[in-house]
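The structure appears below as structure tokens.
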Amino acid sequence: MTLWKKNWPAKAPKSKEPSILGELKAEIPVMKKQGEPPVKDPGSFAQYMCDLCNTPHPISGLRQCVLCGRWACDSCWKDEYYTCKSCAGLIKIHSLKKE
Ligand SMILES: [Zn+2]
Ligand SMILES: [Zn+2]
């Protein structure tokens, strides 16, 4: 399951400078290593916890953020940046600073 990593440049918004990504990586604490699995829902072994809202979801409903490594459900995910909501907020702040 490393395919999504290769998606990052393609999924990234139009003309974000790669340097922003480097800056963000230095700033955002990595909560989980890339490839580290999400936390299992202790109540149901078929589901996993979203690291942002702490609700259980099937594994297919979670994606790992490329920046902080947290697993995010659909409502905690930003397709626009291909990161979790929280990192997407930081990306926005950084992009604004650059303009
Ligand atoms: Zn969530
Ligand atoms: Zn994140």
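When region 2-56 is filtered for residues that are at pLDDT 80 or above and among the small types (Gly, Ala, Ser), the ones remaining, listed by number, are GLY22, ALA26, GLY35, GLY43, SER44, ALA46.
Residue-by-condition table, conditions (1) within 9 Å of ligand 2 (Cβ to nearest atom); (2) free of Cβ contacts under 8 Å to residues at least 40 places away in the same chain:
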residue	(1), (2)
CYS50	no, yes
PRO58	no, yes
VAL66	yes, no
ASP79	no, no
LYS85	yes, yes
ALA88	yes, yes
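When the test is whether a residue is crowded, with 19+ Cβ neighbours inside 10 Å, in a loop (DSSP other than H, G, I, E, B) and of a type in the set (Phe, Trp, Tyr), TYR81 passes it.
The values are calculated or read from the model by the stated rules, or taken from the named source; none is laboratory data. Source: prediction; values computed, not measured. Every residue, glycine among them, receives a Cβ derived from its backbone with ideal geometry; neighbour counts consider all protein chains shown.
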